[in-house]
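Undergrad: Supplied in structure tokens, the structure appears directly below.
Taken together, the values in this text are just the output of simple stated rules run on the coordinates, not laboratory data. Fair warning: this is a prediction, and the values are worked out from it, not measured in the lab. All Cβ positions, glycine included, derive from the backbone under ideal geometry; neighbour counts span all protein chains shown.
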Amino acid sequence: MFGRFALGGTTALAGAGVLLGGQARADSDNLDPPHYPWAHRGAFSSFDAASLRRGFEVYRLVCATCHSLDKFSFRNLVGVTHTEDQTKRVAAAFKIKDGPNDQGEMYERPGRLTDGFPKPYENKEAGRYANNGAFPPDLSLMVKARGRTEDYIVALLTGYRDPPFGQVLRPGNYSNVYMPGGTTSMPKQLSDGLVDYEDGTPATETQMAKDVAIFLAWTAEPCHDAQKLTGVKFLTCLGALTVLSLGLKRWKWLSQKTRRITFIPPLASRLRSLGRTLPGDKPPGQ
Ligand code: HEC
């Protein structure tokens, strides 16, 4: 029975892998995510700012219900996805628990720029309790956490399939060909038209997956753009200095490299080389 299930599962995974362009390994129960051509991967390219803004929208409206972004405060969005005024409005829409007040009680107030993104659950236990025993992990560094990059986020969010033949899912588990183990406790989150993008981009499932993956790539590496810019500046200066120093070297060596050294032998040896005998020379043959 188990053998048949395993065979069925592996065949289904391998088949799905071929269809989806992912890779299936015989010793693995899930597919490797396909490699997507991310625009920000180019040596001189930055994150797509419009996509980052849409990705934050997907995180805020969908993922934030269950996932925290521990390493981030609202102020981190200023100049990246929103202007300062817009970010203040975004923050104010969140209710932040604060306190205690002078009566010793906790209270809720609108969020400020300096507040961290609010956590969806008070503690891990509450998170597990609400999600069939599986805690939704923090997403700040998720793109780097699994050694699988943002490809994994897109693949995971769009990788829900019918379970392989013979596999019986436990209640609260869903079949996902990219999740290690082939099943996950995270229900399918994205479906076409789930959010309304303010820039009018059609919110298809794959568009939202791409946008939130780019947003999470940014949260995992917020210095990405600044680092590339520094790299470009550094290389430009290095190039200019290289040209300058090559010119300087040429100039310094000019007198040495263009100098011609000619040896003019003394007159006596020149005459002798022409076969003349000079006074005092021994006559030839003696
Ligand atoms: C209803 C709650 C819920 C929502 C909403 C939700 N998730 Fe999850 N997510 C979970 C749970 C639960 C897990 C843990 C799954 C497991 O370990 O089986 C999880 C796990 C993950 C993981 C880690 C997978 C791994 O390799 O361990 C990623 C990445 C993820 N979610 C991304 C997202 C993104 C992006 C969104 C928004 C589009 C989102 N989730 C929305 C509940 C949710």
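Undergrad: Given the options Glu84, Glu108, Glu57, name the one that is among the charged types (D, E, K, R) and under 18 Å from Leu216 (Cβ atoms).
TA: Just one listed residue meets the conditions, Glu57.
Undergrad: Going by the conditions given, is Glu108 assigned to a helix (DSSP H, G or I) and either more than 25 Å from Phe56 (Cα to Cα) or among the charged types (D, E, K, R) (or both)?
TA: Values: assigned to a helix (DSSP H, G or I): no; either more than 25 Å from Phe56 (Cα to Cα) or among the charged types (D, E, K, R) (or both): yes.
No, not satisfied.
Undergrad: If you check every pair at least six apart or on different chains, which have Cβ atoms under 8 Å apart with a residue in region 57-83 that is free of Cβ contacts under 8 Å to residues at least 24 places away in the same chain first and a residue that is assigned to a helix (DSSP H, G or I) and surrounded by 16 or more Cβ atoms within 10 Å (Cβ to Cβ) second?
TA: Leu77/Phe56; Leu77/Thr87; Leu77/Val90
Undergrad: What number of residues in region 132-162 are within 10 Å of the ligand (Cβ to nearest atom), without any contact (Cβ under 8 Å) to a residue 60 or more places away in the chain, within 21 Å of the chain's Cα centre (by Cα) and assigned to a loop (DSSP other than H, G, I, E, B)?
TA: 1
Undergrad: Of all residues in region 59-97, count the ones that are more than 16 Å from the ligand (Cβ to nearest atom), farther than 22 Å from Leu194 by Cβ and not in a helix (DSSP H, G or I).
TA: Residues meeting the conditions: 8.
Undergrad: Filtering region 163-186 down to residues that are away from the ligand (no atom under 11 Å from the Cβ) and surrounded by 14 or more Cβ atoms within 10 Å (Cβ to Cβ), which residue is farthest from Phe56 (Cα to Cα)?
TA: That would be Gly166.
Undergrad: In region 169-178, is there at least one residue being part of a loop (DSSP other than H, G, I, E, B), in contact (Cβ under 8 Å) with a residue 60 or more places away in the chain and within 27 Å of Leu194 (Cα to Cα)?
TA: yes
Undergrad: Additional query: With the requirement that a residue be among the hydroxyl-bearing types (Ser, Thr, Tyr) and away from the ligand (no atom under 11 Å from the Cβ), what does region 110-128 give you?
TA: Thr114
Undergrad: Could you identify the single residue in Thr219, Thr230 that is hydroxyl-bearing (Ser, Thr, Tyr), assigned to a helix (DSSP H, G or I), surrounded by fewer than 16 Cβ atoms within 10 Å (Cβ to Cβ) and under 19 Å from the mean Cα position of the chain (by Cα)?
TA: Working: Thr219 fails: surrounded by fewer than 16 Cβ atoms within 10 Å (Cβ to Cβ).
One residue alone meets the criteria, Thr230.
Undergrad: Report, by residue number, each residue of region 187-215 that is aliphatic (A, V, I, L, M), near the ligand (Cβ under 10 Å from one of its atoms) and buried (at least 20 other Cβ atoms within 10 Å of the Cβ).
TA: Leu190, Met208, Ala209, Val212, Ala213 - these are the residues of region 187-215 that are aliphatic (A, V, I, L, M), near the ligand (Cβ under 10 Å from one of its atoms) and buried (at least 20 other Cβ atoms within 10 Å of the Cβ).
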